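Only the coordinates and a few stated rules stand behind these numbers; no lab work does. As the structure is a computational prediction, the values presented were derived from the model and not from experiment. Cβ: placed from backbone, ideal geometry, glycine included. Neighbour counts: every protein chain shown.
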Amino acid sequence: MAKATKTEKTAVTDVILDAKDMAILNLLQQNARMTVKEIAEKIHLSTTPVHERIKRMEASGVIKQYATLVDHAKVKKSLIAICYVSLKEHNKTAGTKFVKAIQLMPDVVECYTISGEFDFMLKVMCEDMNAYHNFHVNKLSQIENMGHVQSIFVMGIIKQTHQLVFG
């Protein structure tokens, strides 16, 4: 891993991970409920160093959180829309207001700043097309400084993962 420059040090902390750390991360991504004992057996270490490594990766922010993945169709969130959004004004204040508004919208499950024709890409999950229409008209379009929105609807999921593969 390249060393961070002085200006980057405030935002990026150098974290050195070895092969055992990567193995732990792979196992936890497959099953975050795996016990320290189970992990230790799989990577051929005792439980104490495994526990210390996990705690170090949590403290350094390598492990951000543990989550439960839900089948969206079984909880009535089967409509997935990708929304490309452009703002009318492009300044720090306008961008900050948009981001704050998006963070308050539970239907928006992901938001990215992007390059190109649009400024943001949203992943929106709703019950059905009526719910999406309500979201679009009464929430998204009401955000101050909203420019253009292009919605694309997911027809099927080919691959969906949150796992990063190491080594």
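Values for this structure:
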quantity	calculated
Computed [θ] at 222 nm, deg cm²/dmol, the chain (DSSP H ≥ 4; -39,500 (n - 2.57); rounded to nearest 500)	-10000 deg cm²/dmol
Measure of compaction for segment 72-153 (Cα Rg per 2.2 N^0.38 Å)	1.06
Mean Kyte hydropathy of 1.0 or more with a Cα span along the axis of at least 20 Å, helices from DSSP in the chain	none
Cα-based convex hull volume of segment 19-59 per residue, rounded to whole Å³	58 Å³
In segment 105-167, trypsin sites (Lys or Arg not before Pro) in a DSSP loop with at most 15 other beta-carbon atoms within 10 Å	159
Low-density loop cleavage sites - GluC sites (Glu not before Pro) in segment 85-167, where at most 12 other Cβ are within 10 Å (DSSP)	89, 117, 144
Inter-label distance for residue 76 and residue 123, nm, one decimal - labels placed 7 Å from Cα along Cα-to-Cβ	2.3 nm
Cβ-derived FRET efficiency at R0 35 Å, residue 26 paired with residue 152, nearest 0.05	0.60
Computed log₁₀ I(q)/I(0) - Debye formula, equal Cα scatterers, no solvent, the chain, q 0.14 Å⁻¹	-0.95
Net length gained if the chain between residue 33 and residue 47 were fully extended (0.36 nm per residue, minus Cα distance)	3.5 nm
